[in-house]
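For reference, the structure is listed below as structure tokens.
The values are calculated or read from the model by the stated rules, or taken from the named source; none is laboratory data. Small disclaimer: the values here were computed from a predicted structure and weren't measured. Every residue, glycine among them, receives a Cβ derived from its backbone with ideal geometry; neighbour counts consider all protein chains shown. Ligands, DNA and RNA are stripped out before the accessible areas are found, and what is left, the full protein with its side chains, is counted by its heavy atoms. Shrake-Rupley method; radii C 1.70, N 1.55, O 1.52, S 1.80 Å.
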Amino acid sequence: MKLVFAGTPEVAVPALDALLASGRHEVAAVVTRPDAPAGRGRRLVASPVAERAEEAGIEVLKPAKPKDPEFLERLREIGPDCCPVVAYGALLPRVALDVPAHGWVNLHFSLLPAWRGAAPVQHAIMAGDEITGASTFLIEEGLDSGPVYGTVTETIRPTDTSGDLLTRLAFAGAGLLAATMDGIEDGTLKAVPQPAEGVSLAPKVNVEDAHVDWNAPALRVDRLVRGCTPAPGAWTTFRGERLKLIQVAAVPDRTDLAPGQIAAQKNNVYIGTGSYGVELLWVQAQGKKPMRAADWARGVRIAEEERLGS
């Protein structure tokens, strides 16, 4: 089939690579978000998908909005049979959805209908799910509600951050997306409507969502930190300033600490929660680089009555 691939961040690159390597389909063009400011100089930088497409010598389309007439005209000129999508980042209007004969097929990082929305991996970890996966589905105008072509499953490991899990799903999902394109071309794969039960939503996780509540149980604190790593980054406050929490570990035998209470030892820093303690492993103070929590604690010289989040 002739394909136009739509995607933007690094997590979409493995899928593009899988389609380029399949040898079975032609990736005629790539659609990605416009160049965005990045770094201290805030200079405009192309998306990872755009960079990979340019390396491969593929035409790159960067519409401000997918409903732009110039983009739609070029899409019709290319005449794709199908448009595979991975984390493109913009809402596709009906007029664009109708262009390819086989529609736009999205790779979504959950087992639909669970965790529809922008942040399925973060929400799966924060909810304490043990299993997640990826799904390919035909895009409709609803939120991730279209019929599903296929799925792959992935175990959520006890120490997984959303970054760890998303990396594994990006590669597993890339194979699934390539296989879905093959099945659509063969006519051997039919999309199955999602069940009405089991729907859950995964809206974007913002900075305020990542604020740690030390009255919550230790497991919830641990899941929040892992789910928000690397972005947007779980945080608390200390002496009125934000302290980013990069890694913690639940410590069931530390039941002697009140929520937010700090027990700083030579090589360990423990914090009380609503159940039992957690150990701070890696933190990042404002304006500083990430560091081991014990090094941070020695540098700030914590007084006995001080708390996190107070």
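Per residue of the chain, the DSSP helices (runs of n ≥ 4 H) give a summed -39500 (n - 2.57) that works out to -7500 deg cm²/dmol at 222 nm. Please report, to two decimal places, log10 I(q)/I(0) for region 160-310 at q = 0.20 Å⁻¹ as given by the Debye formula with identical point scatterers on the Cα atoms and no solvent. Listed by q, the Debye log ratios stand at -1.23. Using only the Cα atoms of region 48-127, each taken as one equal point scatterer with no solvent, compute I(q) by the Debye sum, divide by I(0), and report log10 of the ratio at q = 0.14, 0.17, 0.18, 0.25 Å⁻¹. Each listed q corresponds, in turn, to -0.59, -0.82, -0.89, -1.28. DSSP beta bridges fully contained in the chain are about 70 percent antiparallel. Going through the cross-link list LYS266/LYS288; LYS266/LYS289; LYS65/LYS288; LYS62/LYS289; LYS62/LYS204; LYS65/LYS244, which pairs have a Cα-Cα distance over 30 Å in this structure? Over 30 Å Cα-Cα: LYS65/LYS288; LYS62/LYS289; LYS65/LYS244. Full extension of the segment from ARG76 to GLU306, taken as 0.36 nm per residue of separation minus the current Cα-Cα distance, would add 76.5 nm.
Hey, with R₀ at 41 Å, roughly what FRET efficiency would ARG43 and ALA216 work out to, going by the Cβ-Cβ distance, to 0.05?
Efficiency, from the Cβ-Cβ distance: 0.50.
Count the DSSP beta bridges whose two residues both fall in region 233-310, then state the antiparallel fraction as a percent rounded to the nearest 5.
Details: 22 of 23 bridges.
Restricted to region 233-310, the bridges split so that about 95 percent are antiparallel.
Provide the per residue accessible area, probe 1.4 Å, for the chain, rounded to a whole number of square angstrom.
On the way: 14940 Å² over 310 residues.
In whole numbers, the chain has 48 Å² accessible per residue.
Given DSSP loops and a limit of at most 16 other Cβ atoms within 10 Å, what is the longest stretch of the chain that contains no such GluC sites (Glu not before Pro)? So the longest stretch without any such site is 1-129. On the basis of the beta-carbon distance and an R0 of 35 Å, ASP182 and ASP35 show a calculated FRET efficiency of 0.60.
Backbone geometry of region 215-231 corresponds, through the Karplus equation with coefficients 6.51, -1.76 and 1.60 at θ = phi - 60°, to 3J(HN,Hα) couplings of 7, 6, x, 4, 5, 5, 4, 4, 5, 5, 4, 5, x, 9, 10, x, 9 Hz, x marking Gly and Pro.
Shown for the chain: the carbon plus sulfur share of the solvent-accessible area, taken with all protein chains present and a 1.4 angstrom probe, equals 51%. Per the Debye formula on identical point scatterers at the alpha carbon atoms of region 1-60, with no solvent, log10 I(q)/I(0) at q = 0.16, 0.28 Å⁻¹ is -0.48, -1.18. Enclosing the Cα atoms of region 107-187 in their convex hull gives a volume equal to 76 cubic angstrom per residue. Distant-in-sequence amide contacts of LEU243, defined by a placed amide H-H separation under 5 Å and a gap of 5 or more residues or a different chain, comprise THR236, THR237, PHE238.
For region 161-257, trypsin sites (Lys or Arg not before Pro) are listed when DSSP marks them as loop and at most 12 other Cβ atoms sit within 10 Å of their Cβ; the list is LYS190, LYS204, ARG239. Give the calculated FRET efficiency between VAL152 and HIS102 to the nearest 0.05, with a Förster radius of 22 Å applied to their Cβ-Cβ distance. Efficiency, rounded to the nearest 0.05: 0.60. Annotation for region 80-138 versus region 178-233: alpha-carbon center distance of 11 Å.
Under a model in which nothing but the beta-carbon of Lys, Arg (+1) and Asp, Glu (-1) is charged, region 34-105 shows a dipole of about 440 debye around its Cα centre.
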